[in-house]
Amino acid sequence: MWRRELAVSAPGKVILHGEHAVVLGKVALAVALDLRTFLRLRPGAEGRLSVSLPGVGVRRSWDSPGLRALRGRIAADEDESKSPSVEQLDALREFAGIAAGASAPESLATLAFLYMCLAISAKYGDVPSVEIVVWSELPTGAGLGSSAAYAVCLAAALLMVCGAISCPLQEGESTSRWTEEELTLINSWAFRGERVIHGNPSGVDNAVGTWGGALRYQAGKITPLKRVPTLRILLTNTKVPRSTKTLVAGVKEKILKFPAIMNPVLDSIDAISQECQSVLEAMPANPSPEHYPVLEEFFDINQHHLNVLGVGHPSLDRLCQVTASHSLHSKLTGAGGGGCGITLLPPDTSPLAVEAAKQDLCACGFECWETKIGAPGVTLHSCSSLSAQVLHALAQS
């Protein structure tokens with residue numbers, strides 16, 4: 001029986017450089033965003049497993065015998081490259097009363113929870129009677145890795161209560177993290193949860209959520225960077241919806257139409273990613289303010305390249321113009337065509353300039369957060385160490 005009340009958190013992610021070029025084998029840099037998803041874990045009623053997701057309106061509870069009866073049909077394949085089968089997902093939908101083809105966030109989040117719970121318990125032993133509440137600072141559907149942060153938190157919590165990984169938090173500690181071997185296991189199960197939600201994800205988002213910091217992604221290979229600085233940014237959501245599939249197809253069409261023009265643009269984006277990696281890795285040992293103008297130039301050049309690829313948008317142009325009026329540098333992050341942008345805040349940026357930029361961005365109808373990139377990955381917390389805001393949100397279950 002699980003007897004402790006603890007919390008797990010995992011960060012979201014943004015793409016720093018390499019959007020769209022990464023699809024064509026170039027380097028992309030993904031960084032952990034210090035907007036986090038939080039999971040509270042505590043002992044539950046005997047013989048019951050409960051989950052509450054107040055952000056998407058989910059509050060469900062199942063009895064252990066019912067889950068155990070379904071478990072044999074959900075046992076995970078040892079081949080981690082395989083997605084959950086159609087038969088497995090159909091069985092989960094039937095059990096949870098979710099209509100076939102339902103794609104609302106609450107349906108997919110429930111399916112991912114059930115799949116991970118049953119597949120993990122099939123391999124490592126029963127999930128004990130616990131209550132799980134998950135709340136996130138991340139907006140859903142904005143390309144910021146909210147589903148991966150959810151899957152990482154679930155994987156860590158479920159593996160821990162089943163005994164597959166340790167509970168590293170000692171009495172009196174505020175936070176703790178797992179060993180590298182345990183993080184690898186958390187990441188592999190989070191990836192399986194992401195497959196329930198997205199079908200065929202790249203694995204980047206859950207890797208960022210697990211290890212934090214920054215990672216390099218190229219041709220399917222994910223490499224966490226060893227040491228990176230924590231950088232202050234403004235994250236702005238233009239709230240303009242976009243179709244990643246349509247934008248990717250548009251880039252491909254432009255490359256096929258003008259290969260001699262577009263391929264050098266992709267090569268330049270690749271060079272920016274690699275040069276930026278070198279700067280980030282140099283900064284912890286040599287925290288010179290001279291690095292920041294270089295990072296700002298990378299933002300400016302890459303934003304122009306992304307516009308050339310055809311993934312800009314008037315809302316993103318407006319975002320860049322507003323921040324430039326405050327001597328700040330911005331670029332889109334993710335698919336483009338709307339969505340989100342990031343603005344670098346060097347250490348010498350005055351609080352008044354930041355506040356003025358935020359007000360002007362909000363006046364455009366955008367949503368804006370002052371946050372950090374390079375944040376730590378999945379972390380175990382004592383509940384008493386969480387902020388009042390997070391504790392209040394987790395209590396709304």
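Okay, here's what the table says:
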quantity: Qualifying residue in the range 239-249 (condition: under 15 Å from the mean Cα position of the chain (by Cα), hydrophobic (A, V, I, L, M, F, W, C) and at negative phi); calculated: no
quantity: Count - residues of the range 212-245 that are among the aliphatic types (A, V, I, L, M), in a strand (DSSP E or B) and touching a helix residue (DSSP H, G or I) at 6+ places or on another chain (Cβ under 9 Å); calculated: 5
quantity: Output for the range 103-133, where each listed residue is over 16 Å from GLU194 (Cα atoms) and either surrounded by 22 or more Cβ atoms within 10 Å (Cβ to Cβ) or in contact with a helix residue (DSSP H, G or I) (Cβ under 8 Å, 6 or more places away or on another chain) (or both); calculated: SER121, ALA122, TYR124, ASP126, VAL127, PRO128, SER129, VAL130, ILE132, VAL133
quantity: Qualifying residue in the range 332-345 (condition: surrounded by fewer than 18 Cβ atoms within 10 Å (Cβ to Cβ), among the aliphatic types (A, V, I, L, M) and modelled with pLDDT of 95 or more); calculated: no
quantity: Filter pass, VAL58 being farther than 16 Å from ALA149 by Cα, out of contact with any Lys or Arg (no Cβ under 8 Å at 6 or more places or on another chain) and touching a residue at least 40 places away in the same chain (Cβ under 8 Å); calculated: yes
quantity: Failed criterion for THR140 (all others in (1) within 22 Å of VAL390 (Cα to Cα); (2) of a type in the set (Ser, Thr, Tyr); (3) modelled with pLDDT of 90 or more hold); calculated: (3)
quantity: Filter result (more than 20 Å from VAL22 (Cβ to Cβ), aliphatic (A, V, I, L, M) and assigned to a helix (DSSP H, G or I)) within the range 296-350; calculated: LEU319, VAL322, ALA324
quantity: Given (1) modelled with pLDDT under 95; (2) surrounded by fewer than 24 Cβ atoms within 10 Å (Cβ to Cβ), index of the condition LEU35 fails; calculated: (1)
quantity: Condition check for VAL14: crowded, with 22+ Cβ neighbours inside 10 Å, assigned to a helix (DSSP H, G or I) and in the same structural domain as ALA219 (by TED's automatic domain parsing); calculated: no
quantity: Selected residue [of a type outside the set (Ser, Thr, Tyr), outside any helix (DSSP H, G or I) and more than 30 Å from LEU235 (Cα to Cα)] from ALA119, ALA91, ALA99; calculated: ALA99
quantity: Residue count, the range 122-144 (criterion: part of a loop (DSSP other than H, G, I, E, B) and either among the β-branched types (Val, Ile, Thr) or touching a Leu at 6+ places or on another chain (Cβ under 8 Å) (or both)); calculated: 6
quantity: Residue match in the range 151-158 (condition: free of Cβ contacts under 8 Å to residues at least 40 places away in the same chain, in contact with a Leu (Cβ under 6 Å, 6 or more places away or on another chain) and buried (at least 19 other Cβ atoms within 10 Å of the Cβ)); calculated: no
quantity: Test: ARG195 is surrounded by 17 or more Cβ atoms within 10 Å (Cβ to Cβ), at pLDDT 95 or above, closer than 20 Å to VAL152 by Cβ and within 17 Å of the chain's Cα centre (by Cα); calculated: no
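Yes/no matrix, rows are residues, columns are (1) closer than 20 Å to VAL354 by Cβ; (2) touching a residue at least 24 places away in the same chain (Cβ under 8 Å); (3) surrounded by fewer than 12 Cβ atoms within 10 Å (Cβ to Cβ):
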position: LEU266; (1), (2), (3): no, yes, no
position: GLN277; (1), (2), (3): no, yes, no
position: PRO289; (1), (2), (3): yes, yes, yes
position: HIS304; (1), (2), (3): no, no, no
position: SER315; (1), (2), (3): no, yes, no
position: HIS326; (1), (2), (3): yes, yes, no
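The values are calculated or read from the model by the stated rules, or taken from the named source; none is laboratory data. Given the structure is predicted, the values throughout are model-derived calculations rather than measurements. We place every Cβ from the backbone using ideal geometry, glycine too, and count neighbours over all the protein chains shown.
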